[in-house]
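Heads up, the thing below is written out as C-alpha cells.
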Amino acid sequence: MELSFKDKVVVITGGTRGIGRAISISFAKEGAKLIVNFLRNVESAKILKEEVEKLGGFCELVKGNIAEPETSGKIRKVIEEKFNGVDIIVLNAASGILRRFWEMDLKHFRWTLEINVFGQIYLVKSLVDLIREGGKVIGISSLGAQRAIPFYTLVGASKGAIESALRHLALELSPKKINVNIVSAGVVETDALKFFPNKDQLVEESRRRTPLMRLVEPEDVAKVVLFLSSSMADMIQGQTIVVDGGYSIVA
Ligand SMILES: NC(=O)c1ccc[n+]([C@@H]2O[C@H](COP(=O)([O-])OP(=O)(O)OC[C@H]3O[C@@H](n4cnc5c(N)ncnc54)[C@H](OP(=O)(O)O)[C@@H]3O)[C@@H](O)[C@H]2O)c1
C-alpha cells in the first residue's frame, strides 16, 4: 500500500485557506513538494508556507486569479524552473456569487464560470505535457452539481460543468496513464460559507440530516484527495466520490 508522496510535485489551486489548505498540509506531511496558488489573501498564504516549511516541506506560492491564463503560465514556469514535471494537480479554487438568480448579471455568470470551470481546465491544458505518467488530476466539487440549493444557481452550474469536463478529460488523458477524478463534499464550515445569506440554516440542516451526525471537516476531504492521488486509486477513472457523511443518501 502506497500513500507516501515523497518528492511528488503537487499543484493546488486555492490551496492556502479552507479545504485547499487542509489538502496542502496533508500532502506536505507526506513529503510532497507544493506549488500553491491563491487569489489575494497574502497573509493566509504566508502562514501556509511557514507551516509547510516547519514540517520540512517545500512550498512555492503563486498569487493570481486562476481565471487568468497568466496564472497558469506562472505555475508552469515554476514547474519548468524547479522540477522537470508535475505529478498531481488539485483543482480546488472556486468563487461565485450567491444570490437569487434574477439579482445577478452576465458579469456574475462570467466571473463564476471563468474561475470555477475555464480557469481550472485551462490550467490542466497548460500543464498537460508536464504531467508525468501515473499522474493524477483531482477536481473539488459539491452536492450542488447534482442538486438544487438556494442562492447556488451559478456555483452549482459551474460544479456540474467542471464534473462533466473532468469526466471528458479522464477519457482524453487515459492513454497518457493519467487519472482524473472528483471529490464532491457536503457542507464544510470554511470562510466560503460566510457568503451564503442562509449560512446558519445550511449548517444546522446539514448537521441534523447527516447520518454520521457531524459536518464534513476540511481534513475529511483532504484524506480522499490523497487516496485518489495515490497508486491505490490507479484504476479509479472519471469518478465523483462523495464525502458528505451520508447526507445525500437520505430521502
Ligand atoms: N465549504 C464548503 O461547504 C464546500 C462544500 C463543497 C465543496 N466545496 C469546494 O471546495 C473548494 C474550496 O472551498 P473552501 O470552502 O475551502 O473555500 P475558501 O475557504 O473560500 O478558500 C478558497 C481558496 O481559493 C482561493 N481562490 C478563490 N478564488 C480564486 C481564484 N479566482 N484564483 C485562485 N485562487 C482562488 C482563495 O485564495 P485567497 O485566500 O487569496 O482568497 C483560497 O485559498 C471549492 O472548490 C468549493 O466549491 C466547498
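Since every read-out is calculated from the coordinates, none of them should be taken as a lab result. Worth saying up front: this structure is predicted, and the values here are computed from it rather than measured. Virtual Cβ from ideal backbone geometry, glycine too; neighbours counted across all protein chains shown.
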### Cβ-placed point charges (K, R +1; D, E -1), dipole of the stretch 9-242 about Cα centre in debye, nearest 20
220 debye
### Task
Measure nothing fancy, just the Cα-based angle from helix 42-54's long axis to the longest principal axis of the chain, in degrees from 0 to 90, nearest 10.
50 degrees
### Query
For the stretch 10-124, treating each Cα as an identical point scatterer without solvent, what Debye log10 I(q)/I(0) comes out at q = 0.09, 0.14, 0.18, 0.20 1/Å?
-0.25, -0.56, -0.86, -1.02
### Angstrom value of the Kirkwood radius, inverse mean 1/r, which spans all Cα pairs in the chain
18.2 Å
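If you take every DSSP beta bridge fully contained in the stretch 1-107, what fraction is antiparallel? Give it as a percent rounded to 5. Don't skip to the answer; put the middle values down first.
Values: 0 of 13 bridges.
Here the antiparallel bridges make up roughly 0 percent for the stretch 1-107.
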### Ordering of 132-139, 10-17 by packing [mean C-beta count within 10 Å, highest first]
10-17, 132-139
### Query
Considering amide H positions built from the backbone, and no H for Pro or chain starts, which residues 5 or more places from Ile35, or on another chain, come under 5 Å of its amide H?
Val10, Val11, Ile12, Glu60
### Task
Would you mind checking the pairs Lys46/Lys159; Lys33/Lys77; Lys33/Lys125 and listing those with alpha carbons more than 27 angstrom apart?
Lys46/Lys159
### Message
For a test of the definition: using alpha carbon positions, the gyration tensor, and the 1.5 limit on a/c, classify the stretch 33-92 as rounded, prolate or oblate.
### Response
oblate
### Message
For the ranges 97-108, 162-173, 27-38, what's the packing order if you count other beta-carbon atoms within 10 Å of each residue, average per peptide, and put the highest first?
### Response
27-38, 162-173, 97-108
